[in-house]
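A quick write-up on the structure given underneath.
Bear in mind these aren't lab numbers, they're just calculated from the coordinates by the rules spelled out. As the structure is a prediction and not an experimental result, all values here were calculated from the model. All Cβ positions, even for glycine, are placed from backbone atoms using ideal geometry, and neighbour counts span all protein chains on display.
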Amino acid sequence: MKTLFSFLIIPGILLLQSCSKQSAHEVIIPIAPDVIEATIAPNHTYQVNLNSGTGSIVKQALHYQVSKTEMDEKTGSLIYTYTPLLDYKGMEEVVISKSQVTSAGNSGCSNNHNDNSSTRTSTTYTTIRLTIAN
């Protein structure tokens, strides 16, 4: 009975392992998260340029007077600004979602009405870890 059971189970396991629906062309390579670590003195303001695109805070800091994203009108860059609560010392973490629209070139679609380009929006996340200390 053990031999019959082994005879049926082992080929079944091998069959399940060899049958994958994911082809070599569909492999998804994870992108390393973008993490910024900085130390600032209490009662000082921290600013970082997050390059182009639009952004929004998806995880807000807990101890702040100012924690915001805004677009620099001169450069078009996304800027994050943080000012801690008065005399606060400790750790903060903020996560910012950044979206950027890029041209994908010719889409090959005949219904584009003479527009041979399409756009693609990509979203990345930046984690900012702040240490507020003397």
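Of the residues Arg120, Arg129, the one with the fewest other Cβ atoms within 10 Å heads the list, and the complete ranking is Arg120, Arg129. Based on alpha-carbon atoms, the Kirkwood radius and the radius of gyration of the range 29-102 give Rg/Rh equal to 0.99.
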